[in-house]
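Reviewing the structure listed below.
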Amino acid sequence: MEDEIWLTARETAELTGVSVVTVYSWVRRGHLKVEGLDHRGQKLFRHLDVARAEKATRARARRVLVPAA
């Protein structure tokens, strides 16, 4: 759709506060899908998909944490 916001891996990393390596880890694990390529051949992600991947990843991380005694 024309009104969607598209992000590169670097923009995704900056927006979510993670590294570019983490963004590609989300892709490799199936949490984030590459939706296209920009004019330079960089992978593009939909903003909504990025938000969902970040939310799911952070929710899983909170479940792994053990509260301090």
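The values are calculated or read from the model by the stated rules, or taken from the named source; none is laboratory data. These numbers come from a predicted model, not from an experiment. Virtual Cβ from ideal backbone geometry, glycine too; neighbours counted across all protein chains shown. Ligands, DNA and RNA are stripped out before the accessible areas are found, and what is left, the full protein with its side chains, is counted by its heavy atoms. Shrake-Rupley method; radii C 1.70, N 1.55, O 1.52, S 1.80 Å.
Here are some notes:
- Boolean, V27 is outside any loop (DSSP other than H, G, I, E, B) and open to solvent by 100 Å² or more (accessible area, probe 1.4 Å): no
- Residues of region 1-24 satisfying the condition of being of a type in the set (G, A, S) and open to solvent by less than 50 Å² (accessible area, probe 1.4 Å): A9, A13
- Residue check, L44 surrounded by 13 or more Cβ atoms within 10 Å (Cβ to Cβ), assigned to a loop (DSSP other than H, G, I, E, B) and modelled with pLDDT of 95 or more: no
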